[in-house]
Amino acid sequence: MKKTQIIILAVVAVVIIAISWFWSSYNALVTASEGVDNQWAQVEVQYQRRLDLIPNLVASVKGSMTQEQKVFGDLEAARANYAGASTVNAKAEAASQVEGAMGRLLAIMENYPQLKSIDTVQTLMVQLEGTENRVSVERGRFNDQVKAYNVLIKRFPMNILASMYHYTDKAYFLAAPEAKNAPKVDLSI
């Protein structure tokens, strides 16, 4: 009788340990996945701040730069693409379009020294610069969260549980190919 009780207790202990592992592992997967989603939301908050600042900046400089209408059109199109994007990858691509158009606008603005003396433009430029820094920080944090999540779902034995519940790799935020080329700024006026 004593040997049977020991075997039963051992089986019960193994079952409890297995259930506890599955429970805590599943919760770790959910937590990691939600962490990535939350961090992406933080990136989007900064993108939205940037998108809200752009029309104010454009309106402040538009009258002085009538021959640069293509850049303004590109900015509006990029903002519309971002608003219409529904996936993380599509939003990242649209955000890269916004960055490209903003880079062209900032490069062009360097050719208009009179704009630098307008307080509104200066204030908006400082706010936009701060937003760009925040975007950069949040993107880095997003990629850190993605890395932690991807490592979690790839390690044994968690990879078995992750595949059972259809947890798959999440994509890193990558810079757009055109980001490798800095905008040309000509200060020889």
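The values are calculated or read from the model by the stated rules, or taken from the named source; none is laboratory data. Keep in mind that what you see is a predicted model, and the values were worked out from it rather than measured.
With respect to Ala85, determine if the residue is of a type in the set (A, V, I, L, M), more than 22 Å from Gly140 (Cα to Cα) and at pLDDT 80 or above.
Considered against the rule, which asks whether it is of a type in the set (A, V, I, L, M), more than 22 Å from Gly140 (Cα to Cα) and at pLDDT 80 or above, Ala85 comes out as no.
How about region 142-157: which of its residues are of a type outside the set (Phe, Trp, Tyr) and closer than 17 Å to Ser24 by Cα?
The answer is Ala148, Val151, Leu152, Ile153, Lys154, Arg155, Pro157.
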